[in-house]
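Before any comments, here is the structure.
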Protein chains: 2
Amino acid sequence: MNQRQTRSKEPPRAHPFKTSAELAIARCRQLAHYSEDSDNTRRTFLSPPMRECHREITSWLQALGAKVRIDAVGNLRAFYPGAQAAAPSLLIGSHLDTVPNAGAFDGILGVLLAVALVAALDGEKLPFGIEVVGFSEEEGVRFGEPFIGSRALVGRLDEQLLNRRDSSGVTVRQAIEDFGLHPEKIPEALVPTSTLSYLEFHIEQGPVLEALNLPLGVVEAIAGQSRQEFTFIGRANHAGTTPMHLRHDSIAAAAEWISAVERLAQSSPGLVATVGKIEAKPGATNVIAGEALLTLDVRHSSNEVRIRAVDDLIRKSQEIALRRGLSVRRNVLLDQQAVAMDPFLVNHIEDAIRRAGCEPHRMASGAGHDAMILAEKVPAGMIFLRTPGGISHDPAESVALEDVEKAIECGVHLLRGLASSSEFLKRT
Amino acid sequence: MNQRQTRSKEPPRAHPFKTSAELAIARCRQLAHYSEDSDNTRRTFLSPPMRECHREITSWLQALGAKVRIDAVGNLRAFYPGAQAAAPSLLIGSHLDTVPNAGAFDGILGVLLAVALVAALDGEKLPFGIEVVGFSEEEGVRFGEPFIGSRALVGRLDEQLLNRRDSSGVTVRQAIEDFGLHPEKIPEALVPTSTLSYLEFHIEQGPVLEALNLPLGVVEAIAGQSRQEFTFIGRANHAGTTPMHLRHDSIAAAAEWISAVERLAQSSPGLVATVGKIEAKPGATNVIAGEALLTLDVRHSSNEVRIRAVDDLIRKSQEIALRRGLSVRRNVLLDQQAVAMDPFLVNHIEDAIRRAGCEPHRMASGAGHDAMILAEKVPAGMIFLRTPGGISHDPAESVALEDVEKAIECGVHLLRGLASSSEFLKRT
């Protein structure tokens, strides 16, 4: 009632970062057109459209007084100096590559928010410089191996990875050379020792913030992941002539286990466990399946909780197989430790979200991010933006203008908060 | 102790039909070599090896005084006359075709047992003639439609079926002509009106008799079959970023339903229910499956029990989908009524099994057989032989010599029992 009266008197004031947010979104949408495919977005490691992407972002950052280079693995590195020449620097960024049939925001919005924060400073110099980074590779599409960009910053881009080949037989090394870069200069991509921290904005790619009706979240940890393949081996038999009590049905065993996976995850706070793939052999309507292959994906911010869950589920699979006269074979696909974000940054981010007028939500990231790699060398922090419908890796991926406004506002509060923290400035 | 003493005095007497049984098995193994494939057995409708198969069986039956013809759909029909020229006849047989990579006994053993029974008469004439039939097609491999041979005997080989094409585009009609037969003579394949009954020996193709340690079973009914396809439609989401309570996981829903299918069948005597096929989309380790397609195969000798079970499982699928925020789509693949075997024959078969020194076991056939088709026109009866390991449709398919001996002995008792039954002879 009161608000309606206010409205009738004067138009509501626009958010101070409305135009900045509109610009960031418009630029994301523009960059989505730089694609290997004509009808959707696909921009993999050092593909031709990556050059156009570099060119645009470079021009935007140069206009803000930043010095831009492309490092030896194709990461865009833009330095906006601090108040003093010898000032340490804060790294802010995300990745420029995309999955096939991608949306316009996964990764690149984080880079554009870094640009927006430099713009918001409006020439003002902080006690630290800002290095905006656009990683060349996070998704792992071209070489089946993610984080090529950020691994160069922490010195983990080894010979094995450089010799890895894409589906055309081109190695990472060759791709770097083909792009006009020099593999021997990879050491120069290392994160400078004077780096105070790494900060990354990213869309949540999940439904949690939307369900809570919150624009922003602060990541406390990036969940560890266990991926395994389970094969229940029973006996293929005639579906008509084999009575129920004489069966060794691998699909029925798998079904019992899938329900156990779901129950365990539902009863363990923060745990997610997924059977995303199931294949049965021979896979005919009238034949009891002799073999069922399933995948298990378990994630949690606590390694202990995750490992215990996986162990429980292995035991459960064996118990089910034994009781039903089947056997179970297992194959470890991935075992990735959880990575904690820097508690100091988590607190500062939480405070900045609050100053932007939002309720902060502490959460684990179920997906991997460049911040996980950077955390090996520098304190890292992440801010999630609400993702409408939780939809990402899809052209329908979107972000709300209001949430981008809040993200910029939060970022500005965070920069100012860190700039006035003597503890932060002593961190190198 | 007593037996051992006996043994030490004289060798155990061989079963009177030992040689006949050995011959039937040897002939099955011989015929398995007449195949479209060089390294395993495949003999589909009117394929070249079918001609060799006809030639051999014809020679064996002619030697026994039978008059042999190949009818217009390629069924081998051999008539061994009764005591009088006008005597009615008893049809005994099974099918000559096989699945790919077949065993040596499915179908053809029933034909060879009919041959063995005629041989066992040693020229004696019964009050009825015996027509041995080797059906040209039961498995449905070549045209994707089973029972072409037996359907001709009951007048159900219609234009639609004659125009059906195999994978090379050849119609049933053309295949008949290519084999040198005449489609216009199909009406002459009809079962004669003077036919008293149809009798079929067949391997069980299941584990029931073996589990009961019994050589022979009598089929009371051929189970009806319902086959349907179910698709649970949920939402594909990121396996790492979607908390358990915000998922619409189609594999988890499918798993819950598969367990319900199994429970229902386990708690309903004689019911078998199978999910033999499951496919999930997108089917990636790190993506919650948005869609899961499953097949359901339900069989029971009572149509009422079967239909109620299917209805229960449909309701269950809907309840699971609703509770989980999914939908479920359904597609009927097959709805086949149960077929009762003739009670008079069942009793006589049971008696004959007993006279052969075995405990008879009344059972339903979970698989379809030619007897199901013949039952439309004449009283039909079936005798099952124990199948080691329940293994069939596989080169490892086998049969025990002792069980074949018992089957011949049982057949001879059955023929004599029917010959002395005035009720049976009045049946035409």
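Residues of the stretch A:321-338 include at least one that is of a type outside the set (A, V, I, L, M) and on the phi > 0 side of the Ramachandran plot. Annotation note: Cβ proximity below 9 Å between a residue of the stretch A:304-330 that is more than 19 Å from A:Ala273 (Cα to Cα) and a residue that is crowded, with 17+ Cβ neighbours inside 10 Å and at pLDDT below 95 (sequence gap 6+ or interchain) occurs for A:Gly325/A:Arg235; A:Leu326/A:Arg235. With respect to the conditions (1) more than 12 Å from chain B (Cβ to nearest Cβ); (2) without any contact (Cβ under 8 Å) to a residue 60 or more places away in the chain; (3) not polar (S, T, N, Q), A:Ile288 lacks only one, and its number is (1). Restricting attention to the stretch A:36-60, the residues that are among the basic types (Lys, Arg) and in contact with a helix residue (DSSP H, G or I) (Cβ under 6 Å, 6 or more places away or on another chain) total 1. Under the condition of being farther than 13 Å from B:Glu229 by Cβ, of a type in the set (Gly, Ala, Ser) and over 22 Å from the mean Cα position of the chain (by Cα), the residues counted in the stretch B:291-350 number 4.
Among the conditions (1) farther than 23 Å from A:Gly144 by Cα; (2) surrounded by fewer than 17 Cβ atoms within 10 Å (Cβ to Cβ); (3) not β-branched (Val, Ile, Thr), A:Ser38 misses just one, which is (1).
The condition of being of a type in the set (Gly, Ala, Ser), surrounded by 19 or more Cβ atoms within 10 Å (Cβ to Cβ) and within 20 Å of A:Ser302 (Cα to Cα) holds for only one of A:Ala254, A:Ala273, A:Ala289, that being A:Ala273. Taking the residues in the stretch B:396-428 that are part of a loop (DSSP other than H, G, I, E, B) and away from chain A (no Cβ under 14 Å) as candidates, determine which candidate is surrounded by the most Cβ atoms within 10 Å (Cβ to Cβ). Among them, the one singled out is B:Val399. The condition of being surrounded by 24 or more Cβ atoms within 10 Å (Cβ to Cβ), touching a Ser or Thr at 6+ places or on another chain (Cβ under 9 Å) and at the interface with chain A (Cβ under 9 Å from one of its Cβ atoms) does not hold for B:Ile222.
Table: residues versus (1) away from chain A (no Cβ under 14 Å); (2) under 25 Å from the mean Cα position of the chain (by Cα); (3) not aliphatic (A, V, I, L, M).
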position: B:Glu137; (1), (2), (3): yes, yes, yes
position: B:Leu162; (1), (2), (3): yes, yes, no
position: B:Thr195; (1), (2), (3): yes, yes, yes
position: B:Gln205; (1), (2), (3): no, yes, yes
position: B:Ile233; (1), (2), (3): yes, no, no
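Working only within the stretch B:391-412, note down all residues that are within 19 Å of the chain's Cα centre (by Cα) and of a type outside the set (A, V, I, L, M, F, W, C). B:Ser392, B:His393, B:Asp394, B:Pro395, B:Glu397, B:Ser398, B:Asp403, B:Gly411 - these are the residues of the stretch B:391-412 that are within 19 Å of the chain's Cα centre (by Cα) and of a type outside the set (A, V, I, L, M, F, W, C). Every condition in (1) free of Cβ contacts under 8 Å to residues at least 40 places away in the same chain; (2) within 20 Å of A:Leu96 (Cβ to Cβ); (3) not hydrophobic (A, V, I, L, M, F, W, C) holds for A:Asn347 except the one numbered (2). Only a single criterion out of (1) surrounded by 23 or more Cβ atoms within 10 Å (Cβ to Cβ); (2) assigned to a strand (DSSP E or B) is not satisfied by B:Arg69, namely (1).
Which of the residues that make up the stretch B:191-225 are outside any helix (DSSP H, G or I) and free of Cβ contacts under 8 Å to residues at least 12 places away in the same chain?
Residues of the stretch B:191-225 that are outside any helix (DSSP H, G or I), as a first pass: B:191-207, B:213-225.
B:Asn213 - this is the single residue of the stretch B:191-225 that is outside any helix (DSSP H, G or I) and free of Cβ contacts under 8 Å to residues at least 12 places away in the same chain.
No other residue among B:Gly357, B:Gly417 is at pLDDT 95 or above and in contact with a His (Cβ under 8 Å, 6 or more places away or on another chain) apart from B:Gly417. Considering the conditions (1) on the phi < 0 side of the Ramachandran plot; (2) within 14 Å of chain B (Cβ to nearest Cβ), A:Gly389 is excluded by exactly one of them, (1).
Of all residues in the stretch A:361-388, those satisfying the criterion of being surrounded by fewer than 22 Cβ atoms within 10 Å (Cβ to Cβ) and touching an Asp or Glu at 6+ places or on another chain (Cβ under 7 Å) are A:Arg362, A:Pro379, A:Pro388.
For every residue, the table says whether it meets (1) modelled with pLDDT of 95 or more; (2) among the β-branched types (Val, Ile, Thr).
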| residue | (1), (2) |
| --- | --- |
| A:Val68 | yes, yes |
| A:Asn75 | yes, no |
| A:Ala78 | yes, no |
| A:Ser89 | yes, no |
| A:Val99 | no, yes |
| A:Ile108 | yes, yes |
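Scanning the stretch B:10-31 for residues that are at pLDDT 95 or above and either aromatic (Phe, Trp, Tyr) or over 21 Å from B:Leu117 (Cα atoms) (or both) turns up just one, B:Phe17. Evaluated against (1) more than 26 Å from B:Ser226 (Cβ to Cβ); (2) more than 10 Å from chain B (Cβ to nearest Cβ); (3) in contact with an Asp or Glu (Cβ under 8 Å, 6 or more places away or on another chain), A:Asn213 falls short on exactly one condition, (3). Do we have any residue at all in the stretch B:108-122 that's touching a residue at least 60 places away in the same chain (Cβ under 8 Å), farther than 19 Å from B:Ile25 by Cβ and more than 15 Å from the chain's Cα centre (by Cα)? Within the stretch B:108-122 (the criterion being touching a residue at least 60 places away in the same chain (Cβ under 8 Å), farther than 19 Å from B:Ile25 by Cβ and more than 15 Å from the chain's Cα centre (by Cα)), the answer is yes, since at least one residue qualifies.
Would you please name the residue that is farthest from the other protein chains (Cβ to nearest Cβ), looking only at residues in the stretch B:292-309 that are surrounded by fewer than 20 Cβ atoms within 10 Å (Cβ to Cβ) and in contact with a strand residue (DSSP E or B) (Cβ under 7 Å, 6 or more places away or on another chain)?
First, pick out the residues of the stretch B:292-309 that are surrounded by fewer than 20 Cβ atoms within 10 Å (Cβ to Cβ): B:293, B:302-305, B:307-308.
Remaining after also requiring in contact with a strand residue (DSSP E or B) (Cβ under 7 Å, 6 or more places away or on another chain): B:293, B:303.
Details: B:Leu293: 11, B:Asn303: 15 Å.
Only one residue fits best here, namely B:Asn303.
Take the stretch B:263-280 and flag every residue that is of a type in the set (Gly, Ala, Ser) and more than 7 Å from chain A (Cβ to nearest Cβ). Correct list: B:Ser267, B:Ser268, B:Gly270, B:Ala273. Are there any pairs, at least 6 apart or on different chains, whose C-beta atoms fall under 8 Å, with the first in the stretch A:24-53 and acidic (Asp, Glu) and the second in a helix (DSSP H, G or I), and if so, which? Correct list of pairs: A:Glu36/A:Pro48; A:Glu36/A:Pro49.
If you go through the stretch A:331-350 one residue at a time, how many are within 14 Å of chain B (Cβ to nearest Cβ) and not in a loop (DSSP other than H, G, I, E, B)? Outline the logic, then answer.
Of the residues in the stretch A:331-350, the ones within 14 Å of chain B (Cβ to nearest Cβ) are A:331-336, A:338-339.
Checking which are not in a loop (DSSP other than H, G, I, E, B) leaves us with A:331-336, A:339.
Summing the residues that are within 14 Å of chain B (Cβ to nearest Cβ) and not in a loop (DSSP other than H, G, I, E, B) in the stretch A:331-350 gives 7.
Of the listed requirements (1) at the interface with another protein chain (Cβ under 7 Å from one of its Cβ atoms); (2) among the small types (Gly, Ala, Ser); (3) touching a Ser or Thr at 6+ places or on another chain (Cβ under 8 Å), A:Gly283 misses just one: (3).
The values are calculated or read from the model by the stated rules, or taken from the named source; none is laboratory data. Given the structure is predicted, the values throughout are model-derived calculations rather than measurements. Reconstructed Cβ throughout: ideal geometry from the backbone, glycine too, with neighbour counts over all protein chains shown.
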